[in-house]
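Every number here is computed from the coordinates shown, using simple stated rules; none is lab data. As the structure is a computational prediction, the values presented were derived from the model and not from experiment. Note that each Cβ is placed from the backbone with ideal geometry, even for glycine, and that neighbours are counted across all protein chains shown.
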């Protein structure tokens, strides 16, 4: 859930842009306010609106899907402003590569090429820059993509924050692959690729000066190989989404709204490690909303779910994959969580900002 | 001269990164220091280095040239940090679209799709954002490209500067087109598409609070149509470069160094408007180094130059096109300027920063 496809999403009637006359931190947080900014400002102006087409036939992906001479390309972009720049398990460079690789993967694409653009703050340590760029190279090699073009800008001291990195990426969608929220149907299974919250807690713990036994590292990882394995095993993937800003809750709410379906999750099936759970309690965070950088959900026909879980578990980052719920015809647009004792609560979009500058 | 292709440029022996242990404003200025940063840090780490290949067989473009099933794509990226955000003749949004469109055009490509990514500062006025995004849409329509995907991040107040915009772009290179510094040969003519310095002076005058009669507007314009017209007229374009950061001087010095040729320019043939010349004198700037956003040079066989100038002059932004010099076998890597009285001076890279945050 990094970028946003404008083209595939031609809203013709702007959503009112709430009351805010100035940008709030929460406009970048992955929750309701960010969605309002995208749907109320960016999409009405930049989207390809065809008058009379009414509402949108192809809801948003993280990547745009483009066609050139019969070849289908995925194209996506993400800017990275994570603070601090280096955190347990990764740094802004690794994040910038995997983030974009993963957005391509979530369109079913095999990532091919990345661009990398740097906004540097005057006075930023050259040695830190070198380490970050080295980390990008290693991540690109690990993900099997090449960084082929770039740009550098410098802003005055106090007008930036060390370094911001943008990556854009191009991938190729194999013939026959059709991944889209529109294909999500009642009865589909929801598969989650691993435990939740490691990235967000790794960054937040560092920022809050929290030290504890077994503190988690970021789950930051490339996801394209797992997706290609699923496709190779014949899984008809209806929808994919990585769980970055806004976490599992934002991803599922977006899909439920776009597909016009409900979702029911089994709380007991959602894995959260001991240290992440402890840190969430300490920091007052809900792991369902905490950002991940190496986790995704796959929504697919229920009869294929067991096989998909098997395939995911063969991958290091998918060891803890499992079915966490299913898609319903009831309560469209709403995600429900059932507790082990049978209670149910609604998991809504977050209005405010849970975790600023997490990616 | 916006971005930088990493892939096409496999330097195997890092250039020493001068003495700087911290980023200076001039590292983003388009002159010698920026080239050192790219060649000393980004390329050795990110470039596709094949050991034993020695020096670089394909010098840099502003775009990477990629092949997919026989289709050649150009791919490029640029971040925009211009200050102020709105200036006579344009704003950061228009600049962000035309800048990337022009980098694609300089590879001989027809621009197709752009991404747009925003780093917003907390507190930034929503109305200004709306105007900037509207301006991007208008520029995209004028240039015949679609903005198909995007991203939004928000940073805390005082950690950004209103808005930074990244655009990346994909274009298609027509069959048979081969634009590269390596094709530049002694005897080639150097054609300049118009007068120099309007963009840089428009921004700097505003920043310095300079008001004067006939103050210039930015020359900000899309260049792809002009390039396609040249190709359509059968011009065998050896090399193209738009004259952004570092101006005409930086562009020609880069090409001379990469192609291993010399260049001789006729000062009398280089047009600088009256108000730009006056402002340059007042601000202590040399128009050869001032940034443009709608000017480029085409290097091509001398016998085709007159026809190329004719074709360019049919376009509004090419009305003042002309031949300004030629490529020589002598003094490789050096650009010489001949005055009307016969004197000659060397036009070198600028070491420091002539104009910070001009794009």
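Counting neighbouring Cβ atoms within 10 Å and putting the fewest first, the residues A:242, B:161 line up as B:161, A:242.
At q = 0.12, 0.16, 0.18 Å⁻¹ the log10 of I(q)/I(0) for segment B:154-300 amounts to -0.61, -0.96, -1.11, computed by Debye summation with a single uniform scatterer per C-alpha, solvent ignored. Take each residue of peptide B:166-174, count the partner chain Cβ atoms within 10 Å of its Cβ, and average: the result is 5. Here residue B:156 yields copy-to-copy label distances, from shortest upward, of 2.2 nm, the label point defined as 7 Å from Cα along Cα to C-beta.
Under the classification rounded if a/c is under 1.5, otherwise prolate if a/b is larger than b/c and oblate if not, where does segment B:106-217 fall, given a ≥ b ≥ c as square roots of the Cα gyration tensor eigenvalues? Working shown, then result.
Numbers: a/c = 2.36, a/b = 1.34, b/c = 1.76.
Cα axes put segment B:106-217 in the oblate bin.
Please work out the ratio of the alpha-carbon Rg of the protein assembly as shown to 2.2 N^0.38 Å and round it to two decimals. Mind dumping the intermediate values first?
Details: Rg = 25.7 Å, N = 718, 2.2 N^0.38 = 26.8 Å.
Cα-based Rg divided by the globular estimate yields 0.96.
With the Cα gyration tensor of segment A:288-333 giving a ≥ b ≥ c as the square roots of its eigenvalues, does the rule (a/c under 1.5 for rounded; else a/b larger than b/c for prolate; else oblate) give rounded, prolate or oblate? Verdict is oblate for segment A:288-333. When chain A is treated as a GNM with alpha-carbon contacts under 10 Å, the residue of A:78, A:225, A:69 showing the greatest mean-square fluctuation is A:69.
Residues considered: B:110, B:153, B:94. Largest GNM mean-square fluctuation over chain B, using C-alpha springs under 10 Å, is found at B:153. Considering only the Cα atoms of chain B, their convex hull presents on average a projected area of 18.5 nm². Antiparallel beta bridges, as assigned by DSSP with both residues in chain A, represent about 75 percent of the total such bridges. Peptide A:70-78 has a mean shielding of 5, counted as Cβ atoms of other protein chains within 10 Å of each residue's Cβ.
Computed from label points 7 Å out along Cα-Cβ, the spacing between residue B:236 and residue B:282 is 4.7 nm.
Evaluated at q = 0.11, 0.18 Å⁻¹, the base-10 log of the normalised Debye intensity for segment A:65-152, with identical point scatterers placed on the Cα atoms, takes the values -0.33, -0.80. Build a GNM of chain B with springs between Cα atoms under 10 Å apart, and of B:64, B:268, B:298 the one that fluctuates most is B:268.
Find the relative contact order for chain A and round it to a whole percent, using C-alpha pairs within less than 8 Å whose residues are 6+ positions apart. Don't skip to the answer; put the middle values down first.
Details: 866 pairs, mean separation 79.7, N = 359.
In percent, rounded to a whole number, it is 22.
Between copies, the label points at residue A:332 (set 7 angstrom from Cα along Cα-to-Cβ) are spaced 7.0 nm, reported in nanometres from shortest to longest. Dividing the helix sum by the residues of chain B, where each DSSP H run of 4 or more adds -39500 (n - 2.57), gives a mean residue ellipticity at 222 nm of -7500 deg cm²/dmol. The spacing between segment B:155-214 and segment A:70-148, judged by their C-alpha centroids, is 25 Å. Across the identical copies, the label point of residue A:209 (7 Å from Cα in the Cβ direction) is separated from its matches by 4.2 nm, in order from shortest.
A straight line joining the Cα centroids of segment B:256-311 and segment B:315-330 runs 7 Å.
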